[in-house]
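See structure below.
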Amino acid sequence: MPDAALPGLFLGQSLADDGAQPQVLRFDRANRHGVVAGATGTGKTVTLQIMAQGFSDAGVPVFCADVKGDLSGISQPGSPNEKLLARAAEMGLTLTPKAAPVVFWDLYGQKGHPIRTTVSEIGPLLLARMLDLNEVQEGVLAVAFHVADQEGLLLLDLDDLRSLLAYVGENAERIGREVGAVAPVSIAAIQRALLQLEQQGGAAFFGEPALKLEDMMRTGLDGRGQVNVLAADRLMSSPRLYAAFLLWLISELFEQLPEIGDPEKPRVVFFFDEAHLLFRDAPKALLEKVEQVVRLIRSKGVGVYFITQNPADIPDTVLAQLGNRIQHALRAYTPAEQRGLKAASESFRANPAFDTAEAIQALGVGEAVVSVLDEKGAPSVVARTRIRPPDSRLGAATDAERAQVMATSVVRGVYDAPVDRESAQEVLDARRGQADRAAADAKLAEAKAKADAVAAKEAEKAAEARAKAEAREQARYDRERAAPRPRASSRQTPMDALTKSVLRTAGSTITRELLRGILGGMRRR
């Protein structure tokens with residue numbers, strides 16, 4: 001067992017001819033990172049479970065991805081069988097069945113509390129990796145983020161990013177003059193990639209409330225560190241999303257945590273299962289960032305442990321930073337597997353008692369070759385080791401047990417309901433609405449101006465027609481007045497003379513008759 005004066009995580013006992021020796025991962029060297037490797041079915045997940053619970057018991061918060069679902073058993077007390085009890089007895093170990101203080105997380109919010117971050121926080125580099133963009137498309141995405149920063153647009157979810165890309169496309173000419181050409185075909189390609197990501201369920205990862213790292217770095221009243229278990233069985237169907245999430249998480253820790261040097265025990269420990277997905281087809285810039293983070297984050301008290309089938313899956317620049325190594329059995333049937341076996345065996349400090357490559361192939365389930373850092377930070381001689389049994393359950397927790405753990409979680413209700421506050425989409429929609437209204441008003445004013453112009457032209461034509469009619473009438477009138485009238489003749493025709501004579505005669509007769517009548521009447525009076 002480990003020396004109490006030098007606290008460490010008891011991994012198991014070596015299988016040495018001269019007597020079994022405890023293999024202890026020192027807590028004051030645990031921030032120097034490590035790797036757990038081995039073929040499928042050789043015991044990697046159990047080793048991960050033992051290490052996670054050991055760190056938790058020491059008061060160190062832990063994050064681990066549960067790829068197959070069986071790591072969830074760490075939330076339940078173990079029920080060791082006779083075989084496990086016998087193994088514990090051989091090591092002088094008394095098993096105390098107990099559960100770790102677990103919080104379940106799930107990017108999709110189904111098997112754990114939702115994990116969200118914003119588009120701005122994940123950044124263009126990781127987002128380009130997630131969307132599998134080429135260099136040109138990645139450049140356009142960087143331009144979009146630049147525009148968002150310049151215009152104060154919050155990028156919270158995928159709808160915000162879609163609206164921003166549409167805005168960049170609509171203003172490509174102006175933006176291109178400022179920061180470089182933006183090809184519409186690249187914007188269309190990014191939009192299609194976003195659609196594919198959304199169809200894979202990636203939209204649930206972006207939004208608010210965003211994850212606060214302190215909610216993953218809790219220590220309970222009993223002094224044990226919180227074990228954060230990420231349900232990754234569904235997530236593995238979107239390997240780029242899985243890889244980008246893990247890289248974002250460790251990058252956030254790197255940026256937010258202060259420097260503390262080499263602490264007595266880590267501030268937090270991360271286990272990244274299926275680690276080869278982090279590096280597969282990753283661009284050079286991303287690999288350089290991972291190498292930088294892994295190299296420097298240990299000074300912030302963070303330990304990073306990669307779980308993979310073969311150490312060759314991890315780039316040499318990153319593998320060189322992993323001081324604590326646990327290698328389960330490997331099979332070497334093909335030339336590629338033989339090269340991987342050779343690389344794995346040569347990464348250990350040789351033990352003259354056995355051939356490391358042969359030992360790796362001969363290991364049984366629950367056995368490993370182990371090399372950990374000593375008090376001086378130097379790797380110990382590799383030792384064949386029988387891994388200790390866990391205190392928690394081997395195998396998955398039931399749905400009811402998972403639900404019970406979530407119901408009593410310290411973050412219950414904090415992240416369950418999404419929040420949609422005003423961000424880029426709403427701002428740009430408002431701008432487009434104002435622009436549409438302005439355009440509609442402009443069209444209405446233009447239509448009214450055209451109608452007024454037509455009416456004015458018609459009125460002008462009518463006035464011209466009236467003026468022409470009046471002018472014609474005036475001209476006719478003037479012509480009529482100016483024309484000479486016929487002169488009356490003074491000569492009498494015989495008929496005129498006869499008529500006048502008759503009239504004179506008749507007039508004289510009538511006059512006499514009237515006078516005679518009047519005068520006669522006077523005389524009789």
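Once neighbouring chains are kept in place and the probe is 1.4 Å, which whole percent of the accessible area of the chain is contributed by carbon and sulfur?
Whole-percent figure for carbon plus sulfur exposure: 53.
I'd like to know which of Gly152, Leu165, Gly176 lies farthest towards the positive end of the charge dipole of segment 141-180, counting +1 on Cβ of Lys and Arg and -1 on Cβ of Asp and Glu.
About the Cα centre, the residue reaching furthest to the positive side is Gly176.
Taking the Cα-to-Cβ direction at Ala210 and at Glu458 and moving 7 Å from each Cα, how far apart do the two end points lie in nm?
6.1
Once you have the Cα-Cα distance between Lys443 and Lys68, take 0.36 nm times their residue separation minus that, and quote the gain in nm to one decimal.
128.9 nm
Might you tell me the accessible area per residue for segment 1-157, computed with a 1.4 Å probe and given in Å²?
It amounts to 37 Å² per residue over segment 1-157.
Using packing as a proxy for protection, rank 423-432, 109-118 so that the peptide with the highest average count of other Cβ atoms within 10 Å comes first.
Output ranking for 423-432, 109-118: 109-118, 423-432.
Output needed: percent of Cα pairs per 5 Å distance bin for segment 194-263, bins running from 0 to the one holding the longest distance.
P(r) over segment 194-263, rounded to whole percents: 3, 12, 18, 22, 19, 12, 8, 4, 2, 0.
Which length gain, in nm to one decimal place, applies between Asp281 and Glu151 when the Cα-Cα distance is subtracted from 0.36 nm times their residue separation?
Stretched fully, the Asp281-Glu151 segment lengthens by 43.4 nm.
Average the reciprocal distances over every distinct pair of alpha-carbons in segment 10-79, invert the result, and give the Kirkwood radius in Å.
13.8
Just to be sure I understand the model, the point goes 7 Å from the Cα along the line to the Cβ. What's the resulting Thr398 to Val419 distance in nm?
Here the modelled spin labels are 3.7 nm apart.
Report D for the chain in µm² per second (integer): Stokes-Einstein, Kirkwood Rh on Cα pairs, 25 °C, 0.890 mPa s.
Answer from the Stokes-Einstein relation: 84 µm²/s.
At R0 = 22 Å, how high is the FRET efficiency between Asp429 and Asn171 if r is their beta carbon distance? Nearest 0.05 is fine.
That gives a FRET efficiency of 0.90.
Using the crude model of +1 on Lys and Arg Cβ and -1 on Asp and Glu Cβ, and no other charge, please compute the dipole size for the chain relative to its Cα centre, in debye to 20.
In debye, rounded to 20, the chain gives about 5680.
Give the angle, between 0 and 90 degrees and rounded to the nearest 10, that separates the Cα long axis of helix 184-199 from the longest principal axis of the Cα atoms of the chain.
60
Got a sec? Charge dipole of the chain, +1 on Cβ for Lys and Arg, -1 for Asp and Glu; which of Gly377, Gln21, Ala100 is way out at the positive end?
Ala100
Round to a whole angstrom and tell me the spacing of the C-alpha centers of segment 49-105 and segment 110-144.
A separation of 35 Å, based on Cα centres.
When you have a sec, figure out the Kirkwood radius of segment 153-221 from all distinct Cα pair distances and drop it here in Å to one decimal?
Kirkwood hydrodynamic radius for segment 153-221: 14.4 Å.
Note the angle between two axes, namely the Cα long axis of helix 335-346 and the longest principal axis of the Cα atoms of the chain, as a number of degrees from 0 to 90, rounded to the nearest 10.
It works out to around 60 degrees.
Just to check, using Stokes-Einstein with a Kirkwood Rh over alpha carbon pairs, what's the diffusion coefficient of segment 148-289 at 4 °C and 1.567 mPa s in µm²/s?
In µm²/s, the coefficient is 70.
Mind checking which of Phe354, Asn134, Phe254 is farthest towards the positive end of the chain's charge dipole, using Cβ charges of +1 (Lys, Arg) and -1 (Asp, Glu) about the Cα centre?
Result: Asn134.
Can you work out the PRE-style zone for Glu178? Point 7 Å along Cα to Cβ, and I want the residues of segment 405-431 with backbone N under 15 Å.
428
Ordered by packing density, taken as the mean number of other Cβ atoms within 10 Å over each peptide's residues, highest first, how do 47-56, 131-140 rank?
47-56, 131-140
If one takes the longest principal axis of the Cα atoms in the chain, at what angle in degrees, from 0 to 90 and to the nearest 10, does the Cα axis of helix 239-256 lie?
On a 0 to 90 degree scale, this one is about 80.
The values are calculated or read from the model by the stated rules, or taken from the named source; none is laboratory data. These numbers come from a predicted model, not from an experiment. Ideal geometry is used to build each Cβ from the backbone, glycine not excepted, and the neighbour counts take in all protein chains shown. Just so you know, the surface numbers come from the protein's heavy atoms only, side chains and all, with ligands and any DNA or RNA stripped out. Shrake-Rupley method; radii C 1.70, N 1.55, O 1.52, S 1.80 Å.
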